[in-house]
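Report on the following structure.
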């Protein structure tokens, strides 16, 4: 029986989807692969490939310009339309556990940016930067948010990951890292300090802040620092301040800022990065509009709202 021609192997829609994935790997101004190469890639004939390229141009996903023997150039592209044409589905974003205003600002910015490109975002949360990096490395999510310090610490273990730095004070805003302690000091003996060894950031911050003191480190989750102090499990713990129903101060705890020396020594802890796989050109293209300026704007707005809410709560308690 004669073999069917290559053009009959796949329909135009399937070819269009595959071509969209290929074109996501090309930057504006670059040559796209030759028609012969595309034929081999999508297993279709010349007519089907050309028809699929014209369809992508017609819907605004790409704009091409032919330059004879120099090839065909990609004049423009819409990453969101190419993503959807490639049938890549929702964009999966993995965040740290919810609560801090800074994380909400990053999330709002990513969702807004991708929504403008027509791509919905599915969000989940996971504690531990290393665990989040594993998820993107093993292709179980499209992007993750960690601190620049944590990314630098684990980068060698996960080759092929790329990070977009979102700016200073985007993972921890200025003044948000505090030490929560008991009023009146601690009981006799060594100072018991809570430390979250599953968090590179918390371990680094804690060991730096208390480096000159005689302390006993006690395992305690980062987010439960105030509760651990209140229950007497520890005498002090570094905490990322965030909106709570009852503030640590109202609960009777003393709150002070982490020292400037610690912040200077751990500067990358406060910088957020958005991490994707280097070879995942589609994800990288989609997050390109997530800039430090856009993150700073969203976080500044949310931080102002948080301060206003705290002032309103204080006024209502006094009235």
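Net length available on complete extension from residue 126 to residue 260 is 45.3 nm, with 0.36 nm assigned per residue and the Cα-Cα distance removed. Rounded to the nearest 10 degrees, the inclination of helix 12-23 to the longest alpha-carbon principal axis of the chain is 50 degrees. Please build a GNM for the chain, connecting alpha carbons under 10 Å apart, and tell me which residue among 94, 24, 213 fluctuates the most. Judging by the Gaussian network model, the answer is 213. In the chain, the DSSP beta bridges split such that about 65 percent are antiparallel, to the nearest 5. Both radii were evaluated on the Cα set of segment 6-85; the Rg over Rh quotient, with Rh as the Kirkwood radius, amounts to 0.93. When only alpha carbons of segment 247-290 are considered, Rg and Dmax amount to 18.5, 51 Å.
Where does the chain land at 222 nm, in deg cm²/dmol rounded to the nearest 500, when only DSSP H runs of n ≥ 4 count, each adding -39500 (n - 2.57), divided by all residues?
On the way: 12 runs with 127 residues, N = 319.
Result for the chain, helices only: -12000 deg cm²/dmol.
Debye-formula intensities of segment 39-162, expressed as log10 I(q)/I(0) at q = 0.12, 0.22 Å⁻¹, are -0.64, -1.22 (one equal scatterer per alpha-carbon, no solvent). As I understand it, the value is the acute angle between the Cα axis of helix 101-116 and the longest principal axis of the Cα atoms of the chain; what does it come to in degrees, rounded to 10? In the chain, helix 101-116 runs at an angle near 10 degrees to the longest axis. Sorting 100-109, 56-65, 295-304 by average packing, meaning the other beta carbons within 10 Å per residue, from highest down gives 100-109, 295-304, 56-65. Prolate is the label for segment 152-222. Its Cα gyration tensor axes, ordered a ≥ b ≥ c, give a/c of at least 1.5 and a/b above b/c. Label separation (residue 65 vs residue 291): 2.3 nm, computed from points 7 Å beyond Cα along the C-beta direction.
With a Förster radius of 35 Å applied to the C-beta separation of residue 156 and residue 190, the computed FRET efficiency comes to 0.50.
For the chain, compute Rg over Rh where Rg is the Cα radius of gyration and Rh is the Kirkwood radius from the inverse mean 1/r over Cα pairs. That ratio equals 1.13.
Our Cα-only numbers for segment 55-103 put the radius of gyration and Dmax at 17.6, 56 Å. Given their separation in residues at 0.36 nm each and the Cα-Cα distance between them, residue 174 and residue 50 gain 39.2 nm when the chain is fully extended.
Axis of helix 200-209 versus longest Cα principal axis of the chain: the two differ by about 30°, to the nearest ten degrees. Rounded to the nearest 0.05, what FRET efficiency do residue 218 and residue 300 give with R0 = 51 Å and r taken as the Cβ-Cβ distance? Could you check? Taking R0 as 51 Å, the efficiency between residue 218 and residue 300 is 0.90. Across all Cα pairs in segment 177-268, the calculated P(r) in 5 Å bins from zero up to the longest distance comes to 3, 15, 27, 27, 18, 8, 1, 0 percent per bin.
Every read-out reported here was derived from the displayed coordinates using simple, explicitly stated rules and does not represent laboratory data. Predicted model only: the values in this text are computed from it and were never measured. Glycine gets a Cβ as well: all are built from the backbone with ideal geometry, and neighbour counts include every protein chain shown.
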